[in-house]
1. Of the numbered conditions (1) part of a helix (DSSP H, G or I); (2) surrounded by fewer than 22 Cβ atoms within 10 Å (Cβ to Cβ); (3) in contact with a strand residue (DSSP E or B) (Cβ under 8 Å, 6 or more places away or on another chain), residue 212 satisfies every one except a single condition; which is it?
2. Would you pick out the residues in region 695-715 that are surrounded by 15 or more Cβ atoms within 10 Å (Cβ to Cβ) and over 13 Å from residue 667 (Cβ atoms)?
3. Can you name the residue in region 456-479 that is in a loop (DSSP other than H, G, I, E, B) and out of contact with any helix residue (DSSP H, G or I) (no Cβ under 9 Å at 6 or more places or on another chain) and is also surrounded by the most Cβ atoms within 10 Å (Cβ to Cβ) among such residues?
4. Here are 8, 54: which of them is touching a strand residue (DSSP E or B) at 6+ places or on another chain (Cβ under 7 Å) and modelled with pLDDT under 55?
5. Does at least one position in region 368-377 carry a residue that is surrounded by fewer than 21 Cβ atoms within 10 Å (Cβ to Cβ), within 23 Å of residue 270 (Cα to Cα) and at pLDDT 95 or above?
6. Looking at 558, 548, can you tell me which residue is more than 19 Å from residue 415 (Cα to Cα) and at pLDDT 95 or above?
7. Tell me, please, whether a residue that is under 22 Å from residue 647 (Cβ atoms) and over 32 Å from the mean Cα position of the chain (by Cα) can be found in region 663-673.
8. Can you name the residue in region 421-448 that is at pLDDT 95 or above and over 33 Å from the mean Cα position of the chain (by Cα) and, of all such residues, is nearest to residue 88 (Cα to Cα)?
């Protein structure tokens, strides 16, 4: 990929601001400490700081025990600087974590320079490798809440509970755009829109890091730089084809916002962009990230990805050559994660052979040490659970319940069939109806989430929650279809659909819970967005009973429902809600919760119609020309931003502070929102703006701001937005940020108004 070597005026200004911000957050005393420490370090000590290994390398057995000789060799002999992950792919108690990290950090104090480790794990919806921790909805559900404060609160609690386990570095947030429904990590993202992802990302950074040196906070890690989520095939870790202006316009903004917010570490895209593995792409990692964007933290690889440069991608023939390319491209720390001796030996040799400059090593080590000092690890290398009395508390669990309540999206409510009477008789059925694993998804107590049932028994499945709310006598159960829990995530089998049909005859409603079993990353690849044949058989059988079917979707990505959607009385999308998903669903069904979630992605209607809401006019046109028909349609099942409530909201009085603007002006917009229903409810007011004519064909519309509000029945509120006109600029085909004169259309709900920009300005 070729990137501009001469940034435009706007990019240069942005660079100055970013660098200024990073200098401000990097204490001068820390810089002096870093430079003094680097000057004392041997090459071997520097290389050791750049190496990260997985915990299993240092011990064995279950319950896990550190091996004294392995620990001594890794830390004392090879001076390794980082450890990640849990042992045996399972959650551990805070006591186990405290003991392990204390032992490892204690061993660093026996080294000459006493440099502490930085320990990291994937706490993506809570401290998910710590038993007893508070679990929130997965990121896609948090995005569906459209609630900035809620997302920040979840991150703050996650950081606190991670530090209770002595872990100070979190491999989160995922700021990739969820643009390809086939991709198995859609649910780890905050949706498909650059602005929504950026806004949620900023909240997460604030919650994790602010203030960074405080013992309640962790260093965030932005994943996965850059454009990991947009592969041509839809399969994880495969190639994408992305022109630079597209990359800058859509994929870069969320990372740019998070770095401006102070994020201290970045993890690299495990795949390729235009045939180039991102782990060796210096234009991305150094020119763009470090120089242009002013990033002063450190860059870490993903799992074993330097090896992929030669093993998978065939760029070079040896591990040593791949290492040379990756370090020179801008990698600061390698997630090895096993054979660290080869890494250390090869990198030392490369420096001595002058194939990797010592200046590159010094830069990498300085970045790593800078973050360790910022985390105050030199003074407080270990935190212990006794200092974190709120860990797993009822107060935190209430926060998780509330977050889940706002993450669920009501997609259909025919004839206002919901909420139900609490005396209703309900059949609960489907493969997702009695499983904590499916409610939590991947990265929950274990990598693929397959161990969830061992840790989450105190929480309620959908079935258990319904029985608790409505009573066992009113809730019957017949699973119908079951996942193969020791097999592939997509494997399921028919249990007894006839039994479900018989029990449906005695019920008033059928609560049909379908979707996906837990998965993440490469094991989650799929070939068909349709639900399994077994699930479709169950769905067809339930429809034929003639009873109202309430469809519950518990899935990480949108699975196609168009064939049977018309027969559903109601549809609720839970996404992957976490431990309180069953309770929230039950409370929503009986009206205790008024749904307020909105779709953070476009839900497709057909497997071959996967257009996102951000698209070009040519993607949705009706343009027959004589005998030729050039029509195309944008035909989602549910649009981005869609979601129903048990009440209704009316918008009126859209106004702006002017109708004509210069490029440096600020657009001010206001409108009145009224709750015209009879229930208190929350609404997400979404501001979209369309550039009507541009030199590079414009998007049909783009989200530019949003505000979530709560109104009592009959109440009204004025909602206002302020938008600098420069935010309406786009990256043109010359990779320059430009705001062109002409008309723009403002849209909020059904309200619209046009404004003009009087001048063209390239920044």
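The values are calculated or read from the model by the stated rules, or taken from the named source; none is laboratory data. What you see is a predicted model, and the numbers here were worked out from it, not measured in a lab. Neighbour counts run over all protein chains shown; Cβ positions are idealised from the backbone, glycine included.
1. Status for residue 212: all satisfied but (1).
2. If the condition is that a residue be surrounded by 15 or more Cβ atoms within 10 Å (Cβ to Cβ) and over 13 Å from residue 667 (Cβ atoms), then 696, 698, 699, 700, 701, 702, 703, 706, 707, 708, 709, 711 are the ones that fit.
3. That would be 471.
4. 8 is the lone residue from the list that is touching a strand residue (DSSP E or B) at 6+ places or on another chain (Cβ under 7 Å) and modelled with pLDDT under 55.
5. No: region 368-377 contains no residue that is surrounded by fewer than 21 Cβ atoms within 10 Å (Cβ to Cβ), within 23 Å of residue 270 (Cα to Cα) and at pLDDT 95 or above.
6. 558
7. Yes, some residue in region 663-673 is under 22 Å from residue 647 (Cβ atoms) and over 32 Å from the mean Cα position of the chain (by Cα).
8. 427
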